[in-house]
Amino acid sequence: QQATNAIEDLLNLPIVVYPAAPLLRRAWELRDNATAYDACYVALAEARWRAARGHLLATLAEVWDGIAARGSVTLDERMSIRLASTFAIHQAKEVADLCWREAGATAIFGANGFERRFRDSHAHGVGSLQQRLGVARAFSS
């Protein structure tokens, strides 16, 4: 009965379905290193990270142009930096989690690097990462 209930619970879970077509080219490139299923997850993780990084860099460039023109940073610009950097940090954590899962049982061994990255991504708060990156200091002076 427990197995039947577990299957029913699994079938009733809401899932997010991503279109596979945008991921197929990268998944094909990964064919020698991963299964088709895993390669799609890796491609999705890469896409998420690239989008977050691109958004952060575009935000920083836009704010930089504003500072160059005015000579100071506005509160709205500071909030834009905070939003973009926080989003990038959360996406990086999700990518680290996906890599951890994809590595399987070998991820727990320190020699592979997964364990340390997983631990670091979960141990650091958003604020401490922003401080380490120096984003706030760079635009406050």
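The values are calculated or read from the model by the stated rules, or taken from the named source; none is laboratory data. Only a predicted model underlies this, so the values are computations on that prediction, with no experimental measurement involved. Cβ sites come from the backbone with ideal geometry, for glycine too, and all protein chains shown count toward neighbours. Only protein heavy atoms, including side chains, enter the accessible area calculation; ligands, DNA and RNA are left aside. Shrake-Rupley method; radii C 1.70, N 1.55, O 1.52, S 1.80 Å.
Round to a whole number: what % of the accessible area of the chain belongs to carbon and sulfur, probe 1.4 Å?
Values: 6140 of 10280 Å².
Reported share for carbon and sulfur atoms: 60 percent.
To test your reading of the geometry: what angle, between 0 and 90 degrees and rounded to tens, separates the Cα axis of helix 114-123 from the longest principal axis of the chain?
The helix 114-123 is inclined about 50 degrees to the chain.
How much area per residue is accessible in the chain when the probe is 1.4 Å and only protein heavy atoms are counted (Å²)?
Heavy-atom SASA per residue in the chain reads 73 Å².
So which chymotrypsin sites (Phe, Trp or Tyr not before Pro) in the range 15-120 pass both tests, a DSSP loop state and at most 15 other Cβ atoms within 10 Å of the Cβ?
Passing both the DSSP loop test and the Cβ count: Phe109.
Within 10 Å of each candidate Cβ there may be at most 15 other Cβ atoms; applying that plus a DSSP loop requirement, which trypsin sites (Lys or Arg not before Pro) in the range 1-92 survive?
Counting only loop positions with at most 15 other Cβ atoms within 10 Å, the trypsin sites (Lys or Arg not before Pro) in the range 1-92 are Arg31.
Can you give me the solvent accessible area of His90 with a 1.4 Å probe, rounded to the nearest 10 Å²?
Roughly 90 Å² of His90 is accessible to a 1.4 Å probe.
On C-alpha positions alone, give me the angle between the axis of helix 36-70 and the longest principal axis of the chain, in degrees, nearest 10.
The two axes meet at around 10 degrees.
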